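*Asks:* Submitted below is the structure of interest, expressed as structure tokens.
The values are calculated or read from the model by the stated rules, or taken from the named source; none is laboratory data. A quick note: this is a predicted structure, and the numbers were derived from the prediction, not measured. Glycine also receives a Cβ, built like all others from the backbone with ideal geometry; neighbour counts cover every protein chain displayed. Only protein heavy atoms, including side chains, enter the accessible area calculation; ligands, DNA and RNA are left aside. Shrake-Rupley method; radii C 1.70, N 1.55, O 1.52, S 1.80 Å.
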Amino acid sequence: METLTIKKEKPATKPTTQVSGSVAVLEAFLAEGVDTVFGYPGGAIMPIYDALYDYNDKLKHILVRHEQGAIHAAQGFARVSGRTGVVFATSGPGATNLVTGLADAMIDSTPVVCITGQVFAHLLGTDAFQETDVINITTPVTKWNYQVTDATEIPAVLAKAFYIAGSGRPGPVLIDITKNAQLQLFDYSGYQKCEHIRSYRPKPIVRKEYIQEAAKLINAAERPFVIFGQGVILGKAEKEFQKFIEKAGIPSAWTIMGMSAIPTDHPLGVGMLGMHGNYGPNVLTNECDVLIAVGMRFDDRVTGRLDKYAKQAKIIHLDIDPAEIDKNVKATVPVWGDCKETLPLLTELVDQKVYPQWLQLFKEYQQKEEDKVIKEELNPTTEIMTMGEVINTLNELTKGDAVIVTDVGQHQMVACRYAKYNKSKSNITSGGLGTMGYALPAAIGAAYGDPSRTTVAIIGDGGFQMTLQELGTIMQFKPKVKIIILNNQFLGMVRQWQQLFHEKRYSFVDITSPDFVQVAKGFGIPGKSISKREELKSSLQQMLEQDGSFLLEVMVGKENNVFPMVPQGRGVAECVLSREEI
Amino acid sequence: MTKQEYTITVYTENQIGLLNRIAIIFSRRKINIESLNTSPSEVDSVHRFTIVINETEDVVRKLCRQIEKQVEVLKAYYNTNDEIVWQELAMYKVPTEVIASAVKVERLLREHGAHTVVIRKDYTVFAVAGQREETDKLIKVLEPYRLIEFVRSARIAIIKASDGFHEKLKEFEYREPGEDAIENEFLNENEKVFSM
Ligand SMILES: Cc1ncc(C[n+]2csc(CCOP(=O)(O)OP(=O)(O)O)c2C)c(N)n1
């Protein structure tokens, strides 16, 4: 601490030292265990960057190429590590560039703390240079935000920020700090973590009555079905969850956000829910008698038409956020609480059971999907490659140990349908917001989140062009990110919809791309483009073996579609396996 | 479910920006706020919002959960009109000469429970506290006498069944709150919830 203080002798009971607001920010980070910051400097945050100069040995700062990249990287970091991601950005355009990432983190419950610089307090509201009303712009897309105009507030406000971002249902927090507060010296008496805010209740006391009601329903069920979301991962309750489904013997399907909470080859894992999820879990949602939803929020991409969703079933909903209970689907038994606590209580009360016939039914649907969709996708008869076979070959090589970061579109759905995972926190994707451009920066963050794991980004030719400037970040800081571009020469997912629902009127989905390998080369990243099946495995191997980043472009079928599909406006039971069925 | 008037009472910390956070919960869903009042509450340091909207109970319940989800909100309640005592304040500015010459007006005002706030040579301001119908009625009455200016405040309301917030706040202050602070509305309506 001596290095950063301008000492003043003061006979106080609690020793204080004079520090600047900027130093207080960095000390807060250290006290919260932050070691990596993603950011971009500018006028209004210069005092913090100046202080950062002396923290080089304790805080790694990754200079991104766009603030959107900073926050997506922080999200990727948070999702892989289970820790809070941290971002610096300057005022005005720096701060507004964060908005997409904040919205993404908000809807996907990702813990992120963003520090934005702001103009001097006396200039607030004067339309000063690079002054934007960041607090009001970000209010709808933050769990909490706060403007600091006085340095003495900084330790307590940052403590609150980290506590709020990471507790309960996590989310993004933005702290806007005026330049005068960053510069201001004040008597600093250390950092105290926040553990309680009287108006904030991150999780409730679990009421056993619900658990008993829920267990009663489960024990009486003949065809129970578990659907789970990211809550299991955010609650760090993967073990508790697995114990629960294994004792109760219940077939379980994941949402895109819940994916990887249990290994994809778990005998009770029946696949992915949702618009492009698996056939069985979608259709059989409307056949079960008790539906147990764990840490998921009944998003419309999962439920399809609500008035045709699981109407026959009694519904048990376990969630930490009371606002989610009864929001979209009315719960028969709401179990409000942290699933890390509620699941073991429930496991205790449920009978040890198996449902061989019911599970067999899932297998039969799986077989139908194999026959009509999966076989051709993984072992195509076409000359041109499919996205599915790329993912499948990748599985063979990584054995399901890699962190897979996907962008948004067809490749995302295909990757999530076919990727294998052995370990939790392995599927990083923009689920709720569907943010194209997410994958490349998120993969950079993911690589810092757990450097011991292989990080593979799977991106479309469209989405890659949204944030490809982050190749510069890779060039400079060398996180080991393996990039696969699945190039179908279209904005594929939109093209699919135009084909299926707009009479094939292809309106502005034909996208031309640069020579991606040349682009990567310009950033000092080796790469390769392939279009022949024979080259696939060896090229993936080369990519994985490369010590450092590598970009592999794979040319795939231009007009392939993702199936199964629950067309918009239809019920989950109306899931179709091919174009002809629509 | 039919729409009706609901009064939402929100106990909060006194924090800049919270008004916006609460307001956008309504505007995001394209719900019109009929009236909104902020004031201190019976508890020192705790702020109180009173919000009136016209909606179905289902929507109001969900809105209250979204409001309570805000970090600085302690509690949100919703009530129908028969569960509360409520008032609005209205002020009326009329030319003093008219009032002075037409004694009838003064009698009218007395009948409506109005009192005089200001009397000047050029104008007089009356005020009435009451419910919408009463304050509306007085507009009608005063219109012929050249009503110069009219304004009505937001609704303020007292919840008939409430014991106030003192005890509840104590619970919130604890790290491990008693069950009372986290009311379990699902369980408190046990029958309704489990019988569907
Ligand atoms: C920022 C953003 N803009 C637009 C969209 C709408 N959108 C969803 S998928 C998609 C096409 C993506 O194309 P590409 O990246 O090539 O992936 P593909 O679907 O072909 O795999 C578009 C435009 C979006 N999700 N995000």
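*Asks:* Can you compute the charge dipole magnitude of the protein assembly as shown about its Cα centre, using +1 on each Lys and Arg Cβ and -1 on each Asp and Glu Cβ, nothing else charged? Give it in debye, rounded to the nearest 20.
*Replies:* Computed charge dipole of the protein assembly as shown: roughly 260 debye.
*Asks:* Please give the length that would be gained between B:Ser27 and B:Glu133 if that part of the chain were fully extended, namely 0.36 nm times their separation in residues minus their C-alpha to C-alpha distance (nm, one decimal).
*Replies:* So the extension gain works out to 35.5 nm.
*Asks:* Using modelled amide H (1.01 Å from N, peptide plane; none on Pro or chain starts), what sits under 5 Å from the amide H of A:Phe490, excluding residues fewer than 5 places away?
*Replies:* When sequence neighbours closer than 5 places are left aside, the close amide H contacts are A:Ile511.
*Asks:* Once the Cα atoms of the stretch B:87-152 are picked out, what are the Rg and Dmax in Å?
*Replies:* 10.6, 31
*Asks:* Here's another thing I want to ask about it. Return the long-range amide H neighbours of B:Val46 (sequence gap of 5 or more, or a different chain), with a cut-off of under 5 Å between placed amide H atoms.
*Replies:* B:Ser41
*Asks:* While we're on this one: What is the diffusion coefficient of the stretch A:208-361 in µm²/s, taking the Kirkwood radius over Cα pairs and the Stokes-Einstein relation at 20 °C with a viscosity of 1.002 mPa s?
*Replies:* 144
*Asks:* With no solvent and one equal point scatterer per Cα, compute the Debye intensity ratio I(q)/I(0) for the stretch A:385-559 at 0.08, 0.09, 0.14, 0.18 Å⁻¹ and report its log10, rounded to two decimals.
*Replies:* Here the Debye-derived log intensity ratios amount to -0.21, -0.27, -0.67, -1.14.
*Asks:* For the stretch A:551-572 and the stretch A:517-543, write down the distance between their C-alpha centroids in whole Å.
*Replies:* 23
*Asks:* Let me ask something additional. For an R0 of 35 angstrom, estimate the FRET efficiency from the Cβ-Cβ distance between A:Asp265 and B:Arg61 and round to the nearest 0.05.
*Replies:* For R0 = 35 Å, the calculated efficiency reads 0.25.
*Asks:* Can I ask one more? Find the accessible area per residue for the stretch A:385-559; the probe is 1.4 Å, ligands and nucleic acids are left out, and the unit is Å².
*Replies:* Averaged over the residues of the stretch A:385-559, the accessible area is 36 Å².
*Asks:* Threshold 40 Å², probe 1.4 Å: give the residues of the stretch A:135-149, in number order, that are less accessible with all protein chains present than with their chain alone.
*Replies:* With the partner chains in place, the stretch A:135-149 has these residues losing at least 40 Å²: A:Thr139, A:Trp144.
*Asks:* Additional query: Which value in nm describes the separation of the simple spin-label points at A:Trp497 and A:Ala128, placed 7 Å from the Cα toward the beta carbon?
*Replies:* Modelled inter-label distance: 4.3 nm.
*Asks:* Also, I was wondering about something else. Could you name the lysines whose alpha carbon sits less than 24 Å from that of A:Lys425, not counting residues in the same chain fewer than 8 places away?
*Replies:* A:Lys60, A:Lys143, A:Lys203, A:Lys236, A:Lys239, A:Lys243, A:Lys247, A:Lys340, A:Lys399, A:Lys478, A:Lys480, A:Lys482
*Asks:* Ratio of the stretch A:17-188's C-alpha Rg to 2.2 N^0.38 Å, to two decimals?
*Replies:* In units of the globular-protein estimate, the stretch A:17-188 measures up at 0.91.
*Asks:* Can you pull out the buried accessible area for chains B and A, both sides counted, probe 1.4 Å, rounded to the nearest 100 Å²?
*Replies:* Summing both sides, the interface buries roughly 3200 Å².
*Asks:* Can you give the translational diffusion coefficient of the stretch A:400-462 in µm²/s, computed by Stokes-Einstein from the Kirkwood radius over Cα pairs at 4 °C and 1.567 mPa s?
*Replies:* 113
*Asks:* Give the separation of the Cα centroids, the stretch A:340-371 to the stretch A:279-330, in Å.
*Replies:* Going from one Cα centre to the other spans 16 Å.
*Asks:* Shifting gears a bit: Please list, in chain and number order, the residues 5+ apart from A:Val333 or on another chain whose amide H is under 5 Å from its amide H, with Hs placed from the backbone.
*Replies:* A:Ile315, A:Ile316, A:His317
*Asks:* While we're on this one: I'd like the residues of the stretch B:62-81 whose 1.4 Å-probe accessible area shrinks by no less than 50 Å² going from the isolated chain to the full set of protein chains.
*Replies:* Buried on complex formation: B:Lys62, B:Arg65, B:Lys69, B:Val71.
*Asks:* I would also like to ask the following. At each listed q (0.04, 0.05, 0.09 Å⁻¹), what is the log10 of I(q)/I(0) that the Debye formula gives for the protein assembly as shown modelled as equal alpha-carbon point scatterers?
*Replies:* Scattering profile of the protein assembly as shown, log10 relative to I(0): -0.20, -0.31, -0.93.
*Asks:* Using Stokes-Einstein with the Kirkwood hydrodynamic radius over Cα pairs, what translational diffusion coefficient do you get for the stretch B:1-68 at 25 °C and a viscosity of 0.890 mPa s, in µm²/s rounded to a whole number?
*Replies:* My calculation gives 198 µm²/s for D.
*Asks:* What list of ³J(HN,Hα) values in whole Hz, one per residue of the stretch A:335-342 in order, does the Karplus curve 6.51 cos²θ - 1.76 cosθ + 1.60 (θ = phi - 60°) give from phi, with Gly and Pro shown as x?
*Replies:* 10, 8, x, 6, 5, 5, 8, 6
*Asks:* At A:Asn56 and B:Glu173, where each label point lies 7 Å from the Cα along Cα→Cβ, what is the point-to-point distance in nanometres?
*Replies:* 5.0
*Asks:* Just report the Cα centroid separation between the stretch A:128-156 and the stretch A:41-85, whole Å.
*Replies:* Using only Cα atoms to place each centre, the spacing works out to 17 Å.
*Asks:* Ordered by residue, what ³J(HN,Hα) values in Hz, to whole numbers, does the stretch A:211-224 give under the Karplus form 6.51 cos²θ - 1.76 cosθ + 1.60, where θ = phi - 60° and Gly and Pro are x?
*Replies:* Karplus-based 3J(HN,Hα) across the stretch A:211-224 equals 4, 5, 4, 5, 4, 4, 4, 5, 5, 8, 6, 9, 9, x Hz.
*Asks:* Another question, then. Give me the percent relative contact order of the stretch A:208-361, please, defined on Cα pairs under 8 angstrom at least 6 residues apart.
*Replies:* Dividing the mean separation by the residue count of the stretch A:208-361 yields 30 percent.
*Asks:* Same structure, new question: Tally up the carbon and sulfur contribution to the accessible surface of the stretch A:208-361 as a whole percent, 1.4 Å probe, everything protein left in place.
*Replies:* 52
*Asks:* Still on this model: Using θ = phi - 60° and the Karplus curve 6.51 cos²θ - 1.76 cosθ + 1.60, what whole-Hz ³J(HN,Hα) does each residue of the stretch B:49-56 get, with Gly and Pro shown as x?
*Replies:* Values per residue, Gly and Pro as x: 9, 10, 10, 10, 9, 10, 7, 7 Hz.
*Asks:* Quick one: what Rg and Dmax do you get for chain B from the alpha carbons, in Å?
*Replies:* Rg then Dmax for chain B, in Å: 20.8, 68.
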